[in-house]
Amino acid sequence: MRTVRVVPCLDVAAGRVVKGAKFLDLKDAGDPVELATKYDAEGADEVVFYDITASAEERNIMLEVVERTAETLFIPLTVGGGIRSVDDARRMLRAGADKVSVNSSAVKDPEVINAIAEEFGAQCAVLSIDVKRRESAAGWDVYLNGGRVNTERDALVWVEEGIKRGAGEVVVNSMDRDGMKSGYDLDLLRAVGDICDVPVVASGGVGTLDHLVEGARTGADAVLAASIFHFGQYSIAEAKTHLTAAGIPVRPV
């Protein structure tokens, strides 16, 4: 039976976990190593670590922070932000990551997906996309550099291409919902799920445990959240208990 993964997300800037709304007004949420250790102990299935300013600042990811975080974990770690090449991916995997996530760099140079998948396997290659619903037409556009640049590229077309190029997992983050605590963009998740034959991770908008249930019921293989965990609103164990009560299979804590 397929179990749904519960995944806390660490958005990191200047070595600290931060969280805002729609990628703005970032607030300090703690130390990444301390939070990762806490979530591992609470029963998280995976931790996602994003260096959210690496692409915009055109620099490499903070390797030392990744190494310190990985050392504390006994669960998978996905790392993204500023990964532009096979060499960048290799450094992250050697630092302790289990998977690497590409976003802006892949839109600029889609071949990076092929290269990472061919070198390390599709199970290591994660395509993360930041999308926003169009105001004047149906569908969603892909954004770059932490939501700063609209590519005007159709999100569903890009997902299909990314999978064809070898991405073994897709993280779908709704910028419209990010930090708003109003729930995932379920239309977006259904649309992506309909074209995906790889795991889909729901991201952006969780404010209650029911939102995790809604995401899982769209067919998402993992439900990602940040604020509700970082600021002590709910624990990972409480999230899993709630999912189980709703009939969503999860790995026991």
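Since every read-out is calculated from the coordinates, none of them should be taken as a lab result. Bear in mind that the values here come from a model prediction, so they are computed numbers and not experimental data. Reconstructed Cβ throughout: ideal geometry from the backbone, glycine too, with neighbour counts over all protein chains shown.
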> Among the lysines, which have Cα under 18 Å from the Cα of Lys240 when same-chain residues fewer than 8 positions away are ignored?
Replying inline: Lys38
> By average Cβ neighbour count within 10 Å, what is the ranking of 121-128, 220-227, 159-166 from highest down?
Replying inline: 220-227, 121-128, 159-166
> the range 137-216 to the range 30-52: how many Å between their Cα centroids?
Replying inline: 21
> Using a cut-off of 19 Å between alpha-carbon atoms, which lysines can reach Lys108, once sequence neighbours fewer than 8 places away in the same chain are excluded?
Replying inline: Lys132, Lys164
>> What is the sum of charges, Lys and Arg at +1 and Asp and Glu at -1, for the other residues whose Cβ falls under 11 Å from the Cβ of Leu209?
In response: -2
> Which of [x] 19.0; [y] 17.7; [z] 21.2 is the computed Kirkwood radius over Cα pairs in Å for the structure on display?
Replying inline: [y]
